[in-house]
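Each remark here refers to the structure printed beneath this line.
The values are calculated or read from the model by the stated rules, or taken from the named source; none is laboratory data. None of these values were measured; they are calculated from a predicted model. FYI the Cβ positions are ideal-geometry reconstructions off the backbone, even for glycines, and counts take in every protein chain you see.
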Amino acid sequence: MKEADIAATDRVPETPADSSLRRTEEFRTWFFLTIVMAPVLAVLTVAGFGFVVWMYQLVAGPPGS
Amino acid sequence: MTAILRRTIAVSLVLFGTAAAAAGPTEGHDPLRGRTAVDDMTRPPSIPTAENRDLKRTRSYAMQPPTIPHSIENYQIDRFANRCLMCHARARAGETQATPISITHYTDRDGNFLADVAPRRYFCDTCHVVQMDIKPEVAVQNTFEDVDSVVRRSQARAKAVPKKK
Amino acid sequence: MRDLLKRYWRTLSTPSKFYSLGFLVVSGFIGGILFWGGFNTAMELTNTEQFCTGCHEMRENVYQELQATIHFTNRSGVRAKCSDCHVPKDWTHKMARKMQASKEVWGKIFGSIDTREKFLEKRIELAQREWARLKANDSLECRNCHDFNSMDLTRQGKRAADAHSTALEQRTKTCIDCHKGIAHRLPDMTHAELR
């Protein structure tokens, strides 16, 4: 959406309080993503991958056969 | 001290003194310690290893269980598995080129021939041993004489006796 | 509550107002490195002897048997720990094995081999699974340390040199075919199937 498309009535000017809130929110989001979400997602992905390979090996036999 | 106690101590001292005087550390030697002095430490010989050259050895007498020409360290012989038979069983000997167990190992004590090794012959190391790689002087000495030399000796003696006419 | 979630979703889905692109990318990168290092450290911790023998099922049965063997103590001190033989080195197969380990966690919780009797009963099944795994991958875990091409057959005993120069060289047999029971005692072989 271009700035020109947003109607003047819809554009809400940010107060300093809003800015500060936004800053806090951004920090918390960054923190959550970097320290919690990304590691958890990575572990789940790798575990899921390992699980799929395990199931495949149950059907196809141990690796090398 | 009571009279009985004093007498007991006196008798013990006399006996101990006699024993100490009779067998001092420099006279006789303790068969377990050998000739090492009491204030010295023995130097035990190195732990020997089994001969592992896979060369069949001469048997001392015809029915001797042959000695094992290789190391059998950690070989499992129990109710679950027999590592010796893994190579020496009749069914395996063709593939392994190991001496198959002799026919004598298939009879039970009543003389019945069994299809497989008899239970009384299952524990191979009851009769078959390895030989340690050591100098002959260090080995346990014995006075065993080969039957051939016994026969030769008696023949020689028979020859020496003049024949009665 | 819904309002809160809406606000945070907006923060998440719109470009950052206060954090630079550089900061976001670099922090993500460093976070990734730290995570991967931590992940691998934790993974290798589950490969240590202390971890494996943490369960009494392992410590009192197979670990006791291992201690008498050459893979535990020998003249050179070069030895194998549990994971050297039982956990594949290749990353994909290692992850698969670690997921398979959930079965072992289940067994620990529900005590599938928590007594000596139960262990002895189940032993042949467990052993045959491992033998089949090693036969399928041509004893890869053995070869991780024992490289056939580097074997000096002149330094081996006659039986070993004969066996290695025929069956092993011609690939008719693999290590595990003859060396079963090398690390732990052989289980009750009465009902073992020849595979």
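Numbers for the structure displayed
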item	result
Residue list for the stretch B:48-84, filter: outside any loop (DSSP other than H, G, I, E, B), among the aliphatic types (A, V, I, L, M) and farther than 19 Å from residue B:139 by Cβ	B:77
Lone qualifier among B:153, B:92, B:121 - being basic (Lys, Arg), surrounded by 10 or more Cβ atoms within 10 Å (Cβ to Cβ) and either in contact with a Cys (Cβ under 8 Å, 6 or more places away or on another chain) or touching a residue at least 12 places away in the same chain (Cβ under 8 Å) (or both)	B:121
Failed item in (1) surrounded by 11 or more Cβ atoms within 10 Å (Cβ to Cβ); (2) at pLDDT below 95; (3) part of a loop (DSSP other than H, G, I, E, B), with residue B:8 passing the rest	(3)
Condition met for residue C:159 (over 15 Å from the mean Cα position of the chain (by Cα) and surrounded by 13 or more Cβ atoms within 10 Å (Cβ to Cβ))	yes
Subset of the stretch C:170-188 that is among the β-branched types (Val, Ile, Thr) and more than 10 Å from chain B (Cβ to nearest Cβ) - its residue that is nearest to residue C:125 (Cα to Cα)	C:176
Counted residues, the stretch B:38-74 - those being over 20 Å from residue B:123 (Cβ atoms), within 16 Å of the chain's Cα centre (by Cα) and of a type in the set (Gly, Ala, Ser)	1
Top-ranked residue of the stretch A:31-64 - restricted to ones that are of a type in the set (Ser, Thr, Tyr) and more than 7 Å from every other protein chain (Cβ to nearest Cβ), ranked as nearest to residue C:134 (Cα to Cα)	A:56
The stretch C:74-108: number of residues that are in a loop (DSSP other than H, G, I, E, B), within 13 Å of another protein chain (Cβ to nearest Cβ) and surrounded by 12 or more Cβ atoms within 10 Å (Cβ to Cβ)	3
Scan of the stretch C:30-42 for residues that are of a type in the set (Gly, Ala, Ser) and either more than 30 Å from residue C:60 (Cβ to Cβ) or not in a helix (DSSP H, G or I) (or both), ordered by number	C:31, C:32, C:37, C:38
Residue within the stretch A:25-33 that is modelled with pLDDT of 90 or more and farther than 18 Å from residue C:19 by Cα present	no
Selection count, the stretch C:140-169, where residues are away from chain B (no Cβ under 11 Å) and under 20 Å from residue B:87 (Cα atoms)	4
Qualifying residue in the stretch C:43-65 (condition: within 14 Å of another protein chain (Cβ to nearest Cβ) and assigned to a loop (DSSP other than H, G, I, E, B))	yes
Among the candidates B:148, B:116, B:110, residue that is assigned to a loop (DSSP other than H, G, I, E, B), of a type in the set (D, E, K, R) and loosely packed, with under 10 Cβ neighbours inside 10 Å	B:110
Flag for residue C:135 being among the charged types (D, E, K, R), within 14 Å of chain A (Cβ to nearest Cβ) and at negative phi	yes
Residue A:9, sole failed condition from (1) hydroxyl-bearing (Ser, Thr, Tyr); (2) closer than 30 Å to residue C:26 by Cβ; (3) modelled with pLDDT under 95	(2)
Among the residues listed as C:146, C:179, the single one being within 30 Å of residue C:121 (Cα to Cα) and without any contact (Cβ under 8 Å) to a residue 60 or more places away in the chain	C:179
Residues satisfying the stated conditions in the stretch C:97-120, i.e. more than 10 Å from the chain's Cα centre (by Cα) and closer than 13 Å to residue C:43 by Cβ	C:99
Residue list for the stretch B:51-70, filter: within 11 Å of chain C (Cβ to nearest Cβ), surrounded by fewer than 16 Cβ atoms within 10 Å (Cβ to Cβ) and not charged (D, E, K, R)	B:55
Count of the stretch C:16-29 residues which are surrounded by 10 or more Cβ atoms within 10 Å (Cβ to Cβ), part of a loop (DSSP other than H, G, I, E, B) and away from chain A (no Cβ under 11 Å)	0
Residues being within 16 Å of residue C:177 (Cα to Cα) and in a loop (DSSP other than H, G, I, E, B) - total across the stretch B:92-107	1
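Let's see how each residue does on (1) modelled with pLDDT of 80 or more; (2) not polar (S, T, N, Q):
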{"site": "B:4", "(1), (2)": "yes, yes"}
{"site": "B:14", "(1), (2)": "no, yes"}
{"site": "B:29", "(1), (2)": "no, yes"}
{"site": "B:35", "(1), (2)": "no, yes"}
{"site": "B:71", "(1), (2)": "yes, no"}
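A quick yes/no check of all residues on (1) surrounded by 11 or more Cβ atoms within 10 Å (Cβ to Cβ); (2) farther than 30 Å from residue C:126 by Cα; (3) touching a helix residue (DSSP H, G or I) at 6+ places or on another chain (Cβ under 8 Å):
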site: C:14; (1), (2), (3): no, yes, no
site: C:31; (1), (2), (3): yes, yes, yes
site: C:39; (1), (2), (3): yes, no, yes
site: C:48; (1), (2), (3): yes, no, yes
site: C:59; (1), (2), (3): yes, no, no
